[in-house]
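Each remark here refers to the structure printed beneath this line.
The values are calculated or read from the model by the stated rules, or taken from the named source; none is laboratory data. It should be emphasised that the depicted structure is a prediction, and the values quoted were computed from it without experimental measurement. Here Cβ is always computed from backbone atoms with ideal geometry, including for glycine, and neighbour counts include all displayed protein chains.
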């Protein structure tokens, strides 16, 4: 009987030690989560700077309409997504881009520097983006420093460049909006910027500036 009691006590001790180990591990995971930088859109070094007033680039879309991208006279906040028919990642990103634009009230424009309009028309039909403006313009890509795809540019309705960068997921697209809301150029800057240390646990935390409100299209009806 005494042997069984000792065994029970040892088992409970083991359970207690394992519980403490799990709690300590959970705390360390939380610390790492706070310290690891969020994955945001990767902004190239060349090209216009965030906060600059953009210049209007006019191009003809696949439907033959003249489309003006950038400049002070914008109808709405605009998300320009540079894609290509030969880019698998671009295709996988399209549903997220359409969903995000709808949720945030963004004007969505697709762009490419291709020279085969018929191929792009077929691509637009295959992936279901015919109803969106789709322009072919080398000048537009050069203006925003596009070197790899998919690449996104976020322009405010005031014509100011709010974000740009290489995007591979919907989260990367959302990071452009989040950077605008927090008032920093990129989410990398959000982590590498001004930091404050909490003396209780020594974890470095970012003290963000006052956020700039993200204008959203007013709903009617």
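With under 17 Å from residue 92 (Cα atoms), in contact with a helix residue (DSSP H, G or I) (Cβ under 7 Å, 6 or more places away or on another chain) and loosely packed, with under 15 Cβ neighbours inside 10 Å as the only criterion, which of 130, 167 stands out?
Values: 167 fails: loosely packed, with under 15 Cβ neighbours inside 10 Å.
Of 130, 167, the one residue that is under 17 Å from residue 92 (Cα atoms), in contact with a helix residue (DSSP H, G or I) (Cβ under 7 Å, 6 or more places away or on another chain) and loosely packed, with under 15 Cβ neighbours inside 10 Å is 130.
Could you list all residues from segment 113-136 that are at pLDDT below 95 and touching a strand residue (DSSP E or B) at 6+ places or on another chain (Cβ under 6 Å)?
114
Given the residues 42, 62, which is the only one that is at pLDDT 95 or above and in contact with a helix residue (DSSP H, G or I) (Cβ under 9 Å, 6 or more places away or on another chain)?
Working: 42 fails: at pLDDT 95 or above.
None of the others qualify; the one that does is 62.
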